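The values are calculated or read from the model by the stated rules, or taken from the named source; none is laboratory data. Worth saying up front: this structure is predicted, and the values here are computed from it rather than measured. Cβ sites come from the backbone with ideal geometry, for glycine too, and all protein chains shown count toward neighbours.
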Amino acid sequence: MQGSLGEKIGEGAFADVHAWAPGQVIKLFKTGVPRRIALHEARMTRVVFAAGVPAPEVFDEVTLEGRFGIVLQRLDGPNLRQLSRSGTISPLQVGAILAALAISVHKTPAPPEVLSLYDWMDGSLRVSVGIPQQIAAGILTLIERLPPGDRLCHCDLHSGNVIMTADGPRLIDWFGIVRAPAALDLGLCQLLSELLWEIVDDPERPRAVNAAMQSEYARLTDMSPAALTAAIDPYLPIGCAFALLSGTFPVQRERLIQRVTDAMISED
């Protein structure tokens, strides 16, 4: 079905989302975003949808006035962050929803097209111009020393990426998926809650959501909270690398680099 650019209904760091056709939206990447990033996201979203995870279906790829776009299934409903900020649902409820979604992703066998954490990070660091070479090498060394794992990880699992549809919660933004231990996803969630603490209107909300998510994840997987914390801790420096690559926390950049450096020193 051929569509046309309609009203803007969402915006992120790298793309705008517009209405496109009945039941469809277009994720239109901003000028300057490398085409390889957009193509990779389109491919990975197709792969995980076929694997049965709660992702939108990809219908097409188009170019409009030089901008690459992915035509996706329209997911009607508010996102989880909007419901949390409005007070419609509590941090405890948000955390429980995120935990259940995380488990559904982690239980899905990772498709062979999904890169390992090491390969994804290696490829991303090679094209990054903002991370010192010594730090990049240290990040890869830290990953090599981590326990092996082959779970499907979303790597950007937060309330803004969860759409609450009539058919249940759905996850969007599948660009950064990797094969890794499930603790990676939880570590990224914890780090995000720490970074957001300094810039959101209610600093306690992200921390409360993360605490609730970890508590519910531990309960659903029959892990003790102490065991879950021990599994997550080694992935926090790797989370710093993801944050550095995203470029969305420029004020905290030096502290993120320092955290990676400290982890490198402690491993020597």
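Kindly provide the set of residues from segment 97-152 that are closer than 27 Å to GLN258 by Cβ, under 18 Å from the mean Cα position of the chain (by Cα) and of a type in the set (S, T, N, Q), ordered by number.
Scanning segment 97-152 gives SER116, SER124.
Considering ALA208, ALA231, which residue is farther than 26 Å from TYR118 by Cα and either touching a Gly at 6+ places or on another chain (Cβ under 9 Å) or at pLDDT 95 or above (or both)?
None of the others qualify; the one that does is ALA208.
Considering segment 214-248 alone, what residues qualify as being at negative phi and either assigned by TED's automatic domain parsing to the domain that holds PHE14 or under 15 Å from the mean Cα position of the chain (by Cα) (or both)?
Here is the first cut: in segment 214-248, the ones at negative phi are 214-221, 223-246, 248.
Those that are at negative phi and either assigned by TED's automatic domain parsing to the domain that holds PHE14 or under 15 Å from the mean Cα position of the chain (by Cα) (or both): TYR235, LEU236, ILE238, GLY239, CYS240, ALA241, PHE242, ALA243, LEU244, LEU245, SER246, THR248.
Within the set of pairs 6+ apart or on separate chains, which have a first residue in segment 1-25 that is assigned by TED's automatic domain parsing to the domain that holds ALA38 and closer than 14 Å to GLN73 by Cα, a second that is basic (Lys, Arg) and surrounded by 14 or more Cβ atoms within 10 Å (Cβ to Cβ), and C-beta atoms under 6 Å apart?
That search, which allows pairs on different chains as well, returns VAL17/LYS27; GLY23/ARG74; GLN24/ARG74; VAL25/ARG74.
Can you tell me which condition LEU28 does not meet? The list is (1) free of Cβ contacts under 8 Å to residues at least 24 places away in the same chain; (2) hydrophobic (A, V, I, L, M, F, W, C); (3) in contact with a Gly (Cβ under 6 Å, 6 or more places away or on another chain), and all the others hold.
(1)
Can you tell me which residue among LEU152, LEU157, LEU142 is touching a strand residue (DSSP E or B) at 6+ places or on another chain (Cβ under 8 Å), over 18 Å from GLN93 (Cβ atoms) and of a type in the set (A, V, I, L, M, F, W, C)?
LEU152
The conditions are (1) under 15 Å from VAL94 (Cα atoms); (2) free of Cβ contacts under 8 Å to residues at least 60 places away in the same chain; (3) crowded, with 22+ Cβ neighbours inside 10 Å, and GLY187 fails exactly one of them. Which is it?
(1)
Any residue in segment 57-80 that is more than 14 Å from GLU41 (Cβ to Cβ) sitting within a Cβ distance under 8 Å of a residue that is among the basic types (Lys, Arg) and buried (at least 16 other Cβ atoms within 10 Å of the Cβ)? List the pairs, counting only those 6 or more apart or interchain.
LEU75/ARG170
Where in segment 81-144 are the helices (runs of 4 or more DSSP H), entirely inside, with at least 1 residues that are in the same structural domain as PHE49 (by TED's automatic domain parsing)?
Details: elements: 91-106, 117-127, 133-144.
Output list is empty.
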